[in-house]
Amino acid sequence: MKELIFATGNSLKFAIAQQALAKTDITLVRKELDIPEIQSADGRDIAIFSARWACEQLAAPVAVSDAGYYIEALNGFPGPFIKYINQWLSADDLLRLMQGKENRHALIKDCIAYCAPGRESVYFEGVFRGTIALQAGRKGATPINEIFIPEGFTKPESEITDDESEQFWAQNDGWVKLGKYLIDSHLQ
């Protein structure tokens, strides 16, 4: 078995990554770190920086994940700034931004970066599609999950079961690509 540290404080992200790597011999180990988040309009830059920083702190191979929500009608807003938007705006605030918008399509990019000591970070991306609801669902973990309807569902993420949510997010081929990279390159 090969172990890989996944630097995250988010138990759902960890469960999703475990499920995505279940068919490999990679065992994820969760490590909570207070990683400084650089500001960039590109989630890739944020993930690569975070992986390098965590690797330097732990002196071990590390993977990180940073998601961005790109709402088409809002020209890609909030993008990688979702963490701050979730702190500042409610689901109703976000829906007010969507008033009069017919295009409800949203794209989520899960930016996954891996860094091993003495090496450059590598990057993989998982992409998810969905739509923005017309009204907020029940109170959820974040305002965005009260209005984001994952592709294949008819209600916001906050109203689907944890198992359904985990199944949706575990389709993240970014983690699968990382697993293949680690196995093929024997870097782990």
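Once you wrap a convex hull around the alpha carbon atoms of region 1-105, what is its projected area averaged over all directions, in nm²?
Values: hull surface 31.6 nm².
Average projection, Cα convex hull of region 1-105: 7.9 nm².
Mind listing the phi-derived Karplus ³J(HN,Hα) values for region 98-106, rounded to whole Hz, using 6.51, -1.76 and 1.60 with θ = phi - 60°, and x for any glycine or proline?
Values per residue, Gly and Pro as x: 8, 4, x, 8, 7, 6, 10, 5, 9 Hz.
Gain in length, Leu89 to Arg104, computed as 0.36 nm per residue apart minus the alpha-carbon separation, to one decimal in nm? Mind showing how you got there, number by number?
Values: separation 15, 0.36 × 15 = 5.40 nm, distance 1.84 nm.
This chain segment gains 3.6 nm when fully extended.
Work through the residues other than Leu134 whose Cβ is under 13 Å from its Cβ and net out their charges, Lys, Arg +1 and Asp, Glu -1. Before the final figure, lay out the partial values.
Numbers: positive: Arg96, Lys101, Arg104, Lys155; negative: Asp92, Glu102, Glu146.
Summing Lys/Arg as +1 and Asp/Glu as -1 gives +1.
About the Cα centre, and with charges only on the beta carbon of Lys, Arg (+1) and Asp, Glu (-1), how big is the dipole of the chain? Nearest 20 debye, please. All intermediate terms of the calculation are to be shown ahead of the outcome.
On the way: 19 positive and 26 negative charges, 21 e Å.
With only Lys, Arg, Asp and Glu charged at Cβ, the dipole is about 100 debye.
Under a crude label model (7 Å from the Cα following the beta-carbon direction), how far is Phe77 from Glu56 in nanometres?
3.4
Show which lysines lie in cross-link reach of Lys139 when reach means a straight Cα distance below 27 angstrom and same-chain residues fewer than eight apart are skipped.
Reachable lysines: Lys13, Lys83, Lys101, Lys109, Lys155.
Convex hull over the alpha-carbon atoms of the chain: what's its volume per residue in Å³? Write down the numbers at each step before the final one.
Details: hull volume 20.5 nm³, N = 188.
Spelled out: Cα convex hull of the chain, divided by residues, is 109 Å³.
Under a 5 Å amide H to amide H cut-off, with H placed in plane at 1.01 Å, what residues pair with Gly79 once short-range neighbours are removed?
Tyr69, Tyr70, Ile71
Want the number for Asp173 to Gln39: 0.36 nm per residue separation, take away the alpha-carbon distance, what's left? Could the numbers behind the result be given before it?
Details: separation 134, 0.36 × 134 = 48.24 nm, distance 2.52 nm.
Here the answer is 45.7 nm.
Under 37 °C and 0.692 mPa s, how fast does region 50-141 diffuse according to Stokes-Einstein, given a Kirkwood radius computed over C-alpha pairs? Answer in µm²/s, whole number. Show your work: numbers first, answer last.
Working: Rh = 14.9 Å.
This corresponds to a translational diffusion coefficient of 220 µm²/s.
Which of the cysteines in the chain are isolated, no other cysteine C-beta under 4.7 Å?
Lacking a cysteine Cβ partner under 4.7 Å: Cys111.
Determine the sum of side-chain charges near Cys111: Lys and Arg each +1, Asp and Glu each -1, restricted to other residues whose C-beta is under 15 angstrom from that of Cys111.
On the way: positive: Lys13, Arg44, Arg52, Lys83, Lys109, Lys177; negative: Glu37, Asp42, Asp45, Asp66, Asp110, Glu125, Asp173.
Overall, the nearby charge balance is -1.
FRET efficiency for Arg138 and Glu32, Cβ-Cβ distance as r, R0 = 22 Å, nearest 0.05? Working shown, then result.
On the way: r = 28 Å, r/R0 = 1.26.
The value I calculate is 0.20.
Where a number appears in this text, it was derived from the coordinates with a stated rule and is not lab data. Just so you know, these numbers come straight off a predicted model, no measurement behind them. All Cβ positions, even for glycine, are placed from backbone atoms using ideal geometry, and neighbour counts span all protein chains on display.
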